[in-house]
1. Output yes when any residue across segment 47-63 is open to solvent by less than 80 Å² (accessible area, probe 1.4 Å), in a loop (DSSP other than H, G, I, E, B) and under 17 Å from N7 (Cβ atoms), and no when none is.
2. Out of everything in segment 64-80 that is among the charged types (D, E, K, R) and out of contact with any Ser or Thr (no Cβ under 7 Å at 6 or more places or on another chain), what residue ends up being least open to solvent (accessible area, probe 1.4 Å)?
3. Can you pull out the residues in segment 35-52 that are farther than 15 Å from F14 by Cα and either at pLDDT below 95 or charged (D, E, K, R) (or both)?
4. If S2 passes every condition in (1) surrounded by 12 or more Cβ atoms within 10 Å (Cβ to Cβ); (2) among the small types (G, A, S); (3) farther than 20 Å from R91 by Cβ but one, which one does it miss?
5. Does at least one position in segment 81-98 carry a residue that is within 19 Å of S2 (Cα to Cα), surrounded by fewer than 20 Cβ atoms within 10 Å (Cβ to Cβ) and of a type in the set (A, V, I, L, M)?
6. Within segment 55-91, work out how many residues are of a type in the set (S, T, N, Q), over 19 Å from N18 (Cβ atoms) and without any contact (Cβ under 8 Å) to a residue 40 or more places away in the chain.
7. Quick one: how many residues across segment 64-85 are over 20 Å from G31 (Cβ atoms) and either in a loop (DSSP other than H, G, I, E, B) or of a type in the set (A, V, I, L, M, F, W, C) (or both)?
8. So in segment 17-46, with the set limited to residues that are among the β-branched types (V, I, T) and assigned to a strand (DSSP E or B), which one is most open to solvent (accessible area, probe 1.4 Å)?
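The values are calculated or read from the model by the stated rules, or taken from the named source; none is laboratory data. Predicted model, so just to flag it, every value in this text is computed and none were measured. With ideal geometry, Cβ positions are generated from the backbone for all residues, glycine too; neighbour counts draw on all protein chains shown. Ligands, DNA and RNA are stripped out before the accessible areas are found, and what is left, the full protein with its side chains, is counted by its heavy atoms. Shrake-Rupley method; radii C 1.70, N 1.55, O 1.52, S 1.80 Å.
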Amino acid sequence: MSINIGNYHAEGPFGNENYLQARSGVYVILGRQQAATNWSVVDVGESQDIRERVGNHDRAPCWRGQGHAELAVAAIYADAQNRMVIERQLRAQYNPPCGLI
C-alpha cells in the first residue's frame, strides 16, 4: 500500500503500527470518517524508530480525540537529517491538530 502525502510517497496507510518498519523516518497519523472519504492529517512526527514511537506515543489520546471513525499511520523512511526537514514541511503544509512544532 502507498499514499502520497504532500510531495512525498509514503508507505501505508496502516491500521496497526506493527506494519511499520523499525527504521528512521517520518510518521503521519491519518483519520477519516468512513472508508469512502479522504484521509486527513491528524499528526506528523519523526523518530529514529517510527514503529516504536507510534506504538508508545504520548499524543495518542489526541489522535483518538479528533472524532475520526478510523485512524491509520503512513511512513516516509528517511535518515535523521532528511526526516527533520520532511516533518517541518508536512507540518507547515497540513497544520495538524495534534502536536506542536
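1. no
2. Of all residues in segment 64-80, those among the charged types (D, E, K, R) come to 64, 70, 79.
If we keep only those that are out of contact with any Ser or Thr (no Cβ under 7 Å at 6 or more places or on another chain) as well, we get 64, 70.
Working: R64: 155, E70: 68 Å².
Here the residue is E70.
3. Across segment 35-52, the qualifying residues are A36, T37, E46, D49.
4. (1)
5. Quick first cut of segment 81-98, residues within 19 Å of S2 (Cα to Cα) only: 83, 86-87, 90, 94.
Now narrow it down to the ones that are surrounded by fewer than 20 Cβ atoms within 10 Å (Cβ to Cβ): 94.
Narrowing the set further to residues that are of a type in the set (A, V, I, L, M) leaves none.
For segment 81-98, residues within 19 Å of S2 (Cα to Cα), surrounded by fewer than 20 Cβ atoms within 10 Å (Cβ to Cβ) and of a type in the set (A, V, I, L, M): absent.
6. So the first thing to find is which residues in segment 55-91 are of a type in the set (S, T, N, Q), and the list is 56, 66, 81-82, 89.
Filter once more, keeping what is over 19 Å from N18 (Cβ atoms): 66, 81-82, 89.
Applying the additional criterion that residues be without any contact (Cβ under 8 Å) to a residue 40 or more places away in the chain yields 66, 81-82.
Of the residues in that region, 3 qualify.
7. Here is the first cut: in segment 64-85, the ones over 20 Å from G31 (Cβ atoms) are 77-85.
So of that shortlist, the ones also either in a loop (DSSP other than H, G, I, E, B) or of a type in the set (A, V, I, L, M, F, W, C) (or both) come out as 78-80, 84-85.
Of the residues in that region, 5 qualify.
8. To start, the set of residues in segment 17-46 that are among the β-branched types (V, I, T) comprises 26, 28-29, 37, 41-42, 44.
Next, from what is left, pick out any that are assigned to a strand (DSSP E or B): 26, 28-29, 41-42, 44.
Working: V26: 0, V28: 0, I29: 5, V41: 23, V42: 1, V44: 1 Å².
Among residues in segment 17-46 that are among the β-branched types (V, I, T) and assigned to a strand (DSSP E or B), the one most open to solvent (accessible area, probe 1.4 Å) is V41.
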